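What follows is a single structure, written as structure tokens, with notes after it.
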Amino acid sequence: MKIGIIGTGAIGSTLAKKLSATGHQVKVTNTRGMSELQKIAASLGAAAATIQEVVKDVEVIIFSIPFKVYKDLSKSLLQDVPEDVIIMDTSNYYPLRDGELPGLEGKTESEYISETLGRPVIKVFNNILEYTLKHKGKAAGEEGRIAISVAGDNEGHKKVAAELVDQSGFDTVDGGSLAQSWRQEPGTPAYCTELNAAEIKLALANAQKGKAPAIRDYIMDKIMNSKTFPSNEELVALNRSAAAGNLR
Ligand SMILES: NC(=O)c1ccc[n+]([C@@H]2O[C@H](COP(=O)([O-])OP(=O)(O)OC[C@H]3O[C@@H](n4cnc5c(N)ncnc54)[C@H](OP(=O)(O)O)[C@@H]3O)[C@@H](O)[C@H]2O)c1
């Protein structure tokens, strides 16, 4: 497939590398000048593109940028992008990092992103840590394969997202509609807890509406107050424990 990725940070670069390695034609963009972007793109097996070019002549566009940045993107960015192009969103909202955002209250994070972009989106690759995505992928059917959830309102688009997840080394479970995607937001049991498909299905079902923000903020506080940045194992353990209600 032809895939455009906006953002070459922790998640965007890992996705670009994995998806180009599996034979997709990937182009990437970020905020750097073209010469630096070209070096980054080459290291990922992708082509460098401006943000206007990255959304042209592709079948999938993956946004992997900080949550607070979406509102500042050009309102005409997706204007000429055909309806059948699949828009994926990997983002997560952290108030400490992203600030208060008018229009977010009362919506799921991806409903807000969808409204901001003026297009339906698929929420995917948001509930997997960078380290897990980079290092813990396994072949389909292999024992202990980690799963992530895919949420959105277009079943065809979700199917394509699930295929990309599979090619990246992970199982998927259905995360429901965009309105239900709060079940995979930060602070929920399905968020970055390295579960397999059966476990994450249960975690999504067990999520309790309204509880996640306090858990998310507790986890962020713990991380900010750690003397050293937690390892992947420590982060997963913290996410699991806090989501289970241990907030002391
Ligand atoms: N890190 C994780 O473990 C993780 C896991 C799951 C989901 N997520 C979510 O996925 C999203 C990306 O996370 P990340 O950790 O990959 O972030 P990151 O490392 O901070 O990278 C962000 C990328 O977005 C680019 N960017 C920022 N503003 C842009 C703009 N206006 N136009 C084009 N590119 C722009 C940055 O460009 P420059 O390189 O030029 O600065 C950078 O490449 C976030 O919403 C995050 O919450 C993160």
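Just so it is clear, none of the values below were taken in a lab; they were calculated from the coordinates. All values derive from a computational prediction rather than experimental measurement. Here Cβ is always computed from backbone atoms with ideal geometry, including for glycine, and neighbour counts include all displayed protein chains.
Name the long-range amide H neighbours of Ile5: under 5 Å, sequence gap of 5 or more, or other chain; modelled H, no Pro or chain starts.
Residues meeting the criterion, in which the H sits 1.01 Å from N, are Lys27, Val28, Thr29, Ile62.
Return one number: the angle in degrees, 0 to 90 and rounded to the nearest 10, between the long axis of the Cα atoms of helix 34-44 and the longest principal axis of the Cα atoms of the chain.
Result, in degrees: 60.
Using the Cβ atoms and a cut-off under 15 Å, what net charge is assigned to the surroundings of Ile223, where Lys and Arg are +1 and Asp and Glu are -1?
Details: positive: Arg97, Arg216, Lys222, Lys227, Arg240; negative: Glu130, Asp217, Asp221, Glu233, Glu234.
Around Ile223, the surrounding residues sum to 0.
Sort 105-112, 222-229, 168-175 by the packing proxy (mean of other Cβ within 10 Å over each peptide's residues), most packed first. Each step should come with its number before you reach the end.
Numbers: 105-112: 18.8, 222-229: 9.5, 168-175: 21.4.
So the peptides 105-112, 222-229, 168-175, ranked by packing, come out 168-175, 105-112, 222-229.
Angle between the Cα long axis of helix 212-224 and the longest principal axis of the chain, 0 to 90 degrees, nearest 10?
The two axes meet at around 90 degrees.
Through the Karplus equation 6.51 cos²θ - 1.76 cosθ + 1.60, θ set to phi - 60°, convert the phi angles of segment 3-17 into ³J(HN,Hα) values in whole Hz; use x for Gly and Pro.
So the Karplus estimates, Gly and Pro as x, are 10, x, 10, 9, x, 10, x, 3, 7, x, 5, 5, 5, 4, 5 Hz.
State the antiparallel share, in %, of DSSP beta bridges confined to the chain, rounding to the nearest 5.
Details: 1 of 22 bridges.
Rounded to the nearest five, the antiparallel share is 5 percent.
Between Thr172 and residues 5 or more places away or on another chain, which pairs have amide H atoms under 5 Å apart, with H built 1.01 Å from N, and which residues are they?
Those qualifying (amide H under 5 Å, at least 5 residues apart or on another chain) are Ile148.
Taking only Cα atoms, what is the 0 to 90° angle, nearest 10, from helix 232-243's long axis to the longest principal axis of the chain?
Helix 232-243 sits roughly 60 degrees off the main axis of the chain.
Give me the net charge for the shell around Ile6: Cβ to Cβ below 12 angstrom, other residues only, Lys and Arg +1, Asp and Glu -1. Show your work: numbers first, answer last.
Numbers: positive: Lys27; negative: Glu53, Asp89.
Residues close to Ile6 contribute a combined charge of -1.
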